[in-house]
Each structure stands twice: as structure tokens, then as C-alpha cells.
1. Please tell me if Ser316 is assigned to a loop (DSSP other than H, G, I, E, B), open to solvent by less than 30 Å² (accessible area, probe 1.4 Å) and either out of contact with any Ser or Thr (no Cβ under 8 Å at 6 or more places or on another chain) or in contact (Cβ under 8 Å) with a residue 40 or more places away in the chain (or both).
2. Filter the stretch 245-256 down to residues that are at pLDDT 95 or above and either open to solvent by 20 Å² or more (accessible area, probe 1.4 Å) or assigned to a loop (DSSP other than H, G, I, E, B) (or both), then give me how many there are.
3. With the checklist (1) within 21 Å of His213 (Cβ to Cβ); (2) free of Cβ contacts under 8 Å to residues at least 12 places away in the same chain in hand, flag the one item Ala332 doesn't pass.
4. Show the residue pairs that are 6+ apart or on different chains and have beta-carbon atoms under 8 Å apart, the first residue being within the stretch 17-34 and in contact (Cβ under 8 Å) with a residue 60 or more places away in the chain and open to solvent by less than 10 Å² (accessible area, probe 1.4 Å), the second being outside any helix (DSSP H, G or I) and of a type in the set (Gly, Ala, Ser).
5. Restricting the search to the stretch 371-385, which residues are in contact with a strand residue (DSSP E or B) (Cβ under 6 Å, 6 or more places away or on another chain) and open to solvent by less than 20 Å² (accessible area, probe 1.4 Å)?
6. Only one of Thr72, Thr62, Thr40 is free of Cβ contacts under 8 Å to residues at least 12 places away in the same chain and not aromatic (Phe, Trp, Tyr); which?
7. Give me a count of the residues in the stretch 336-370 that are in contact with a helix residue (DSSP H, G or I) (Cβ under 8 Å, 6 or more places away or on another chain) and either open to solvent by less than 30 Å² (accessible area, probe 1.4 Å) or not small (Gly, Ala, Ser) (or both).
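The values are calculated or read from the model by the stated rules, or taken from the named source; none is laboratory data. The structure displayed is predicted, hence computed values, not measured ones. Ideal geometry is used to build each Cβ from the backbone, glycine not excepted, and the neighbour counts take in all protein chains shown. The protein model used for the area step is the full one, side chains on, heavy atoms only, and it has no ligands, DNA or RNA in it. Shrake-Rupley method; radii C 1.70, N 1.55, O 1.52, S 1.80 Å.
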Amino acid sequence: MAEPRALFVVGEREASATSMRVLQVPARLARAGWHVDLLTESEAVAAHARERYGEEPRVEVTVARFDDRFWTMRQRDAFAKTFIRLYSDLVVPGTDMPFWKMVAFDDFLWHVSRYSMARIEGTHDAVVLAAPSAYERPRDQADVMYTNAVYHARRLGVPAVGLQVYPHTDLPALLVQVLDEWVVGDEQAAAHLIEQGVARERVHLPADPLERHLLASVGDPLLERLLDPGLEAPDGTLTVSLINHASNRLQLRQAIEAVGRVPGDKRVFFCFVGLNVRELTEEDVFEDLIAPVLREHVGSYYTVGTQSMMPVLLASDVIVSTNYLRPLALAARYGRLAVVFDPLREPVAHLDERVRQLTDAAELEALVREAAARRAGRCTLARVLERARQRRATHSARRVRA
């Protein structure tokens, strides 16, 4: 079966609004099995994208080409008359004044683009575009490119998916209704779109904070460190981090056994904390006492030094430590399941409520199983496209049968 193909459209202003982070979206889609054609009107964005995708064969970058058109006054008058005919039955709400009388000789006459663009060619299974702002409006060429992309989606009968890269208050009202699906960065944006009439099932909030961060106009230094593709786990693979302790080797063994009993694909990190046991290094103790347990119960694993621990914790679905560390609370704030597991010690009061305290290995196993189930069914950018594609295909099949 041929891999699905997406058209990803982004203008210079929209890419710049996210400090170019939105250009990570095609790479993530490519790693999920999509072939992505990136289309932009900007040579600068194209150069940045080509540098970023140098080793990604599934992403192709193209700069849109435009013809500069000079419209005569007679042609402009003809445009205005056409628009008046199209809007002749609309009135300003609450009045009997025709809408066209207010805008025909301003918006209709002078706002006709002087650029034209050839029809987008090729076959795609979805069209994705970084939604422009009504207040930071795209330049003329980008506006024509976005319009062309929407018509391309309609002509092919494939979903047009908008990415919210500006505040939701800036989304153009027309675009809200024109696009089929929306990917947003927070709950407030989702509520706004639903209030504007978009069906709830067509508004998507990615579960991964990193994917939401790619759409954000304000960066997060901690999440920026996760943009390394090496920290991205394959879809459906649970990532678990275990934090070392110099003395709690019994507790660590029980935690490793509990994680090992959870079925499914797992990626396990073992994090060192920089402690030595007399003349023995932490790595020496690990190799003799912990590594054999990891190999027996979880198979392959990765070791992580103290300098790299925080990015790994933020990239994990589950973090297990046998004692409380402040990085646990920070990771929990980013939606990670952070657990202090110690069967030999009662839970302590006044601990960050987002950090779970467990004394039972069976309960730890149950929590890891729940995390694996959430991971398997979570909302991702790639799944949004696939489900939109399936929904569109089902709708088209129903229309054919009807």
C-alpha cells in the first residue's frame, strides 16, 4: 500500500509566529509514515526547512511561484460588479442597509490581489495549513497560496486541516468555517472553535505537550530541549524512566519487575544521579546489580547521565523514583506520570499532589498499564490526519451510495 501523502502549507508570517517550530510538524508526520510536500511562498522559510529536513527523504520543499498581474480600472470595476451581484441579498445585521454599499468600492475594488498562482498539482490525502491571523494578515502571495490550497483540498475531496499558531481570538471567522478539522494548542482555543460552530469531534488537542509547543507563539525552554528527534518514541511505544538510588536496590528491582510485566512495546531509560558508594562508582554498582535485572525483565534499555536527565524525564510517559526529587514535580506539571515507589516507607504528607506515592508493586504495575493504554489511544498530529482522512472517505462513500 502506498504511503499517504499530505500537502503542508505555511507562510512566512505564520512560520515566524512560532519561531519556525511549526516546521517540525512535517518531520513528525514523516516519521509517522506520511510523505509531506511542504509549500511556502518564502525563500527564507524554504531554506530553513531544507536545512532541517536534509536527512528526511519523506519531506519535499517547494517555493510557490506567482505571476504579477496588473488590473486595469475596467477589470477592477468588473470585479466590483461581480461581488455586488454575489452579495446583493446580504444586509448589515439589524438594519436594511445592503452589505455591498459599505464595502464594494473599498474591499471589493482595491483589495483584489495583484498576484496569481497556478493550480496546485498532484494528489494528496490531506491538506494541512498553518492558519493565518485576521490581525497579522498574511502577505498577498501567502493569501493566494492558502486560498489555492483550500481549493486543492476541495477539488480532491480530502480534508483541509488548520493548525492554530496564533491566539484563537485572531482566527478569521471565514477560515473557521471553511476548514474541515482543527488542531489547537490549548483548551481555551478548542472551546472557542466549538462555540463558533465547529463540531466537537473536529477540534483536536494533541496529548503531547511537545506537539502543542510546536504551534505556540511563545516558546518554552524546557520543551525546546525535546525537539531532538532521538527523544521521540515510535507511536504506541511507552517510555519509562527509572531513577537510580544508591541504597534502594530492592525497591528498584520491584519497580523494574512491575514495568516488565506490562505488555507492549516499551522504551526504558535508567537515569544516574551522580552518587558513588565508597570506592565504587554508580556505574559499577549498576552493572553488577541493576543491569542484569533490567535485561531479564525489560530487555533493552538506555542509560542516562545527570546532565541529560531532565529532557529524558520530560520525554517519558512514566517516571519512577524510589525517593522524592524535585524534577518529578516539574515533569508532573507537563502531564507526565511521576511516581515515588518505596514499599518500605509510608507516604509523606505535604508532597506535590501531582506526584503519586506508592508502596504496592501491583498498584505501580496498574498505573503503568493505564499509562500504556493512554499512550496507545492519545491524540497526535499524525492520528488527526489519519482519522480525518478516514472520516472524509466514509462521508464520500455515503454520498456515492445515496
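1. When the stated conditions are applied, Ser316 passes them.
2. Total satisfying the criteria: 2.
3. With (1) within 21 Å of His213 (Cβ to Cβ); (2) free of Cβ contacts under 8 Å to residues at least 12 places away in the same chain applied to Ala332, the lone miss is (2).
4. Between residues of the stretch 17-34 that are in contact (Cβ under 8 Å) with a residue 60 or more places away in the chain and open to solvent by less than 10 Å² (accessible area, probe 1.4 Å) and residues that are outside any helix (DSSP H, G or I) and of a type in the set (Gly, Ala, Ser), the close pairs are Thr18/Ala130; Thr18/Ala216; Thr18/Ser217; Val22/Ala130; Leu29/Ala6; Trp34/Ala6.
5. We begin by selecting, within the stretch 371-385, every residue in contact with a strand residue (DSSP E or B) (Cβ under 6 Å, 6 or more places away or on another chain); these are 371-372, 375, 379, 384-385.
Residues satisfying the conditions are Ala371, Arg375, Val384, Leu385.
6. Working: Thr62 fails: free of Cβ contacts under 8 Å to residues at least 12 places away in the same chain; Thr40 fails: free of Cβ contacts under 8 Å to residues at least 12 places away in the same chain.
Sole residue among the options that is free of Cβ contacts under 8 Å to residues at least 12 places away in the same chain and not aromatic (Phe, Trp, Tyr): Thr72.
7. In the first step, residues of the stretch 336-370 are kept if they are in contact with a helix residue (DSSP H, G or I) (Cβ under 8 Å, 6 or more places away or on another chain); the result is 336-344, 352, 354-356, 358, 361-362, 364-365, 368.
Checking which are either open to solvent by less than 30 Å² (accessible area, probe 1.4 Å) or not small (Gly, Ala, Ser) (or both) leaves us with 336-344, 352, 354-356, 358, 361, 364-365, 368.
Total satisfying the criteria: 18.
So that you can scan it fast, the table gives a plain yes or no per residue for (1) modelled with pLDDT of 90 or more; (2) open to solvent by less than 20 Å² (accessible area, probe 1.4 Å):
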{"site": "Leu238", "(1), (2)": "yes, yes"}
{"site": "Ala258", "(1), (2)": "yes, yes"}
{"site": "Pro263", "(1), (2)": "yes, no"}
{"site": "Thr281", "(1), (2)": "no, no"}
{"site": "Pro311", "(1), (2)": "yes, yes"}
{"site": "Leu325", "(1), (2)": "yes, no"}
